[in-house]
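Colleague: One structure, pasted below without further comment.
No lab work stands behind these numbers, since they all come straight from the coordinates. None of the values given here were measured: they were computed from a predicted structure. Cβ placement follows ideal geometry from the backbone for every residue including glycine, while neighbour counts extend to all protein chains displayed.
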Amino acid sequence: MGKKEKEKKEKPLDKMTAKELRELGLSIGGITGVHGMNKPELIAAIKQERGIVDEGRKKSFDVRLVKAKIREVREKRLQAVEAGNTKLADSFRRRISNLKKKTRRAA
């Protein structure tokens, strides 16, 4: 009697761990810098290499850019506090709070 060999189905890219994505990226061969990438970057690179186009997906949200903006606003807030402008410092504080909420929602 012959055994039927089951084809190994690949998990969706979103469900894979970063380690699995790195291994997949290395096996594809067209991607460089795999070990320096985080999970969203790996997924994007693999999809680009395979020619997969995302349709109906929401716009990607880059947490790094938001955190950079938070750092900028914090510096402006410190300058406002040193200058004694409490209203401006308060508005910067609220802006920082809102940006932090965005990063938490994205995660």
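Colleague: Holding the Cα-Cα limit at 28 Å, pick out from LYS11/LYS101; LYS47/LYS76; LYS11/LYS100; LYS9/LYS47; LYS9/LYS100; LYS11/LYS67 the pairs that are longer than that.
Modeller: LYS11/LYS101; LYS47/LYS76; LYS11/LYS100; LYS9/LYS100; LYS11/LYS67
Colleague: Could I ask something else about it? Could you work out how much longer the chain between VAL63 and ARG105 gets when fully extended? Use 0.36 nm per residue separation minus the Cα distance between them, nm to one decimal.
Modeller: 14.1 nm
Colleague: As a footprinting exposure proxy, order VAL66, VAL53, VAL34 by other Cβ within 10 Å, with the fewest listed first.
Modeller: Details: VAL66 14, VAL53 8, VAL34 17.
Ranking VAL66, VAL53, VAL34 by Cβ neighbours within 10 Å, fewest first, gives VAL53, VAL66, VAL34.
Colleague: Under a point-charge model restricted to the Cβ atoms of Lys and Arg (+1) and Asp and Glu (-1), what is the dipole moment magnitude of the chain relative to its Cα centre, in debye to the nearest 20? Kindly include the intermediate steps, with their values, before the conclusion.
Modeller: Working: 31 positive and 15 negative charges, 136 e Å.
Taking the Cα centre of the chain as origin, the dipole is about 660 debye.
Colleague: Suppose every K and R has +1 on its Cβ and every D and E has -1 on its Cβ; what is the size of the dipole of the range 63-106 about the Cα centre, in Debye to the nearest 20?
Modeller: Taking the Cα centre of the range 63-106 as origin, the dipole is about 420 debye.
Colleague: Nearest 10 degrees is fine. How inclined is helix 63-83 to the longest principal axis of the chain, computing both from alpha carbons?
Modeller: Approximately 10 degrees, to the nearest 10.
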